[in-house]
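The values are calculated or read from the model by the stated rules, or taken from the named source; none is laboratory data. This is a predicted model, so every value here is computed, not measured. Neighbour counts are summed over all protein chains in view; Cβ atoms, including those assigned to glycine, are modelled from backbone coordinates with ideal geometry.
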Amino acid sequence: MKVDDIMIQLEAKHSGEFEYLQAVREVLASIEEVYNQHPEFEKARIIEQLVKPDRAFTFKVPWVDDQGDIHVNTGYRVQFNNAIGPYKGGLRFHASVTLSTMKFLGFEQTFKNALTSLPMGGAKGGSDFSIRGRSNAEIMRFCQSFMLELWRYVGPDTDVPAGDIGVGAREIGYLYGMYKKLARENTGTFTGKGLSFGGSLIRPEATGFGGLYFVHQMLQEHGIDIKGKTVAISGFGNVAWGAALKAAELGAKVVTISGPDGYVYDPGGISGEKIDYMLELRNSGMDVVEPYVEEFPNAAFYPGKRPWEQKVDIALPCAIQNELNEADAKQLIANGVQCVAEISNMGCTAEAVDTFLEHKTLFAPGKAVNAGGVATSGLEMTQNAMHLAWTKAEVDTKLHQIMANIHEQCVKYGTEKSGYINYVKGANIAGFMKVADAMMAQGVV
Ligand code: 2IT
């Protein structure tokens, strides 16, 4: 396998699908060497099979707003690969959603889910619908229309959706309510459900908590104490919230959050009631962080900017893909950053990742760092299948073990001769080997 040859073919076929091509190139570059040590992979055309989704649905989502006007959005579900288990992955409702976004996320999800050690294949879905400024009733009608199409393609042993950007507990409730009615079953086909109807404790916090468990491991591996370290977080949604909670609990000091309008720098640290206030901001539905500085006047707001210009010890992208570019990476390095970990999916551009790896910065990719979210979804599936609910402590202990195991796999496959741990390579190889092994065992299907 030659990465460049495969990419030339893919670029010709899928020109314009930048995020998808970016995600594929990163994985192929990491696994090229290992792949070429296994002629049986090449013979079975594992790469050609792996870069193509098993199937991708796009569908029309018509809905009526509160004024009686009709809107038509596009819905997607990309079932990428089910070699190791039923399709599993979130739904994203965001204006930026395209087929390319869905394919990159589904591709990434396949390896991420493999890293969790749970039997889950990779999928992703969503819509170009934006919840910003929409009423509850509008969001419900949208979710119901979305589900009228999607319900046929999902099921507890087929494909299990969950949340992502723009899809939280409220949306999952509306989606699941409609699914249940149409499918005439109540087996928990979604994860991220409310606690009163089969949801798991810790699931809302899990992506952020898992991310911080992973960062804690990375720092410990390198003899660095997380206590007292300053942390830049981007975003102010569910993931940023969980990350801020756990960072504060571990004794680090979170100094930034951000939104589409800019970022907030709070030198006093974002903890306690300030973290609760993030939820209020988010629930306002306005998608802005500026009001934070009215509430807490010691903080400053930087309109139209991103938090990476601040001098911090740890940088954690928690918002969306490609939110940290090469210039940001150079700025962070110049400011002496000690650790960068993507809690968002593909939070860094390819150039930013290269910059960190060239400088031997302690850096870890989203598919490893943020896998705690989907791992806890897997634990929700287990609880649903067993018709019982675990305690907070039980779920948290399992999440801890899973993150430690992912870290271990990254160290195993990513440690270079110099001793530098290349977490990108480690995560990609570990995830790939598991999926490839399952594909080889199951023949040409
Ligand atoms: O990107 C992700 O891993 C998620 N949005 C969570 C997916 C899931 O199925 O819980």
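For (1) of a type outside the set (S, T, Y); (2) crowded, with 24+ Cβ neighbours inside 10 Å; (3) out of contact with any helix residue (DSSP H, G or I) (no Cβ under 8 Å at 6 or more places or on another chain), each residue gets a yes or a no:
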residue: N82; (1), (2), (3): yes, no, yes
residue: G89; (1), (2), (3): yes, yes, no
residue: A95; (1), (2), (3): yes, no, yes
residue: E108; (1), (2), (3): yes, yes, no
residue: N113; (1), (2), (3): yes, yes, no
residue: G126; (1), (2), (3): yes, yes, no
residue: E138; (1), (2), (3): yes, no, yes
residue: C143; (1), (2), (3): yes, yes, no
residue: G155; (1), (2), (3): yes, no, no
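Of the listed requirements (1) within 16 Å of the ligand (Cβ to nearest atom); (2) out of contact with any Gly (no Cβ under 7 Å at 6 or more places or on another chain); (3) of a type in the set (V, I, T), T74 misses just one: (1).
Of all residues in region 186-208, those satisfying the criterion of being touching a Pro at 6+ places or on another chain (Cβ under 8 Å) and more than 12 Å from the ligand (Cβ to nearest atom) are T187, G188. Of all residues in region 246-296, those satisfying the criterion of being of a type outside the set (D, E, K, R), surrounded by fewer than 21 Cβ atoms within 10 Å (Cβ to Cβ) and either part of a helix (DSSP H, G or I) or at pLDDT below 95 (or both) are A248, I275, Y277, L279, N283, S284, G285, M286, V293.
Under the condition of being surrounded by 17 or more Cβ atoms within 10 Å (Cβ to Cβ), of a type in the set (V, I, T) and assigned to a helix (DSSP H, G or I), the residues counted in region 22-67 number 5. All conditions but one from (1) more than 17 Å from A430 (Cα to Cα); (2) in contact with a helix residue (DSSP H, G or I) (Cβ under 6 Å, 6 or more places away or on another chain); (3) within 13 Å of the ligand (Cβ to nearest atom) apply to M381; the one that does not is (2). Of the residues making up region 360-378, those that are within 10 Å of the ligand (Cβ to nearest atom) and either basic (K, R) or part of a helix (DSSP H, G or I) (or both) are G366, K367, A371, G372, G373, V374, A375, T376, S377, G378. Would you check if there is a residue in region 350-359 being touching a residue at least 60 places away in the same chain (Cβ under 8 Å), within 16 Å of the ligand (Cβ to nearest atom) and crowded, with 18+ Cβ neighbours inside 10 Å? Checked against the condition, which is being touching a residue at least 60 places away in the same chain (Cβ under 8 Å), within 16 Å of the ligand (Cβ to nearest atom) and crowded, with 18+ Cβ neighbours inside 10 Å, region 350-359 yields no hits at all. Answer yes or no as to whether G251 is closer than 30 Å to V312 by Cα and within 16 Å of the ligand (Cβ to nearest atom). Considered against the rule, which asks whether it is closer than 30 Å to V312 by Cα and within 16 Å of the ligand (Cβ to nearest atom), G251 comes out as no. If you go through region 80-98 and keep only what is more than 16 Å from the chain's Cα centre (by Cα) and within 16 Å of the ligand (Cβ to nearest atom), you end up with N81, N82, I84, G85, P86. Considering every residue within region 318-341, establish whether at least one is touching a strand residue (DSSP E or B) at 6+ places or on another chain (Cβ under 7 Å), in a loop (DSSP other than H, G, I, E, B) and free of Cβ contacts under 8 Å to residues at least 60 places away in the same chain. Yes, region 318-341 has at least one match.
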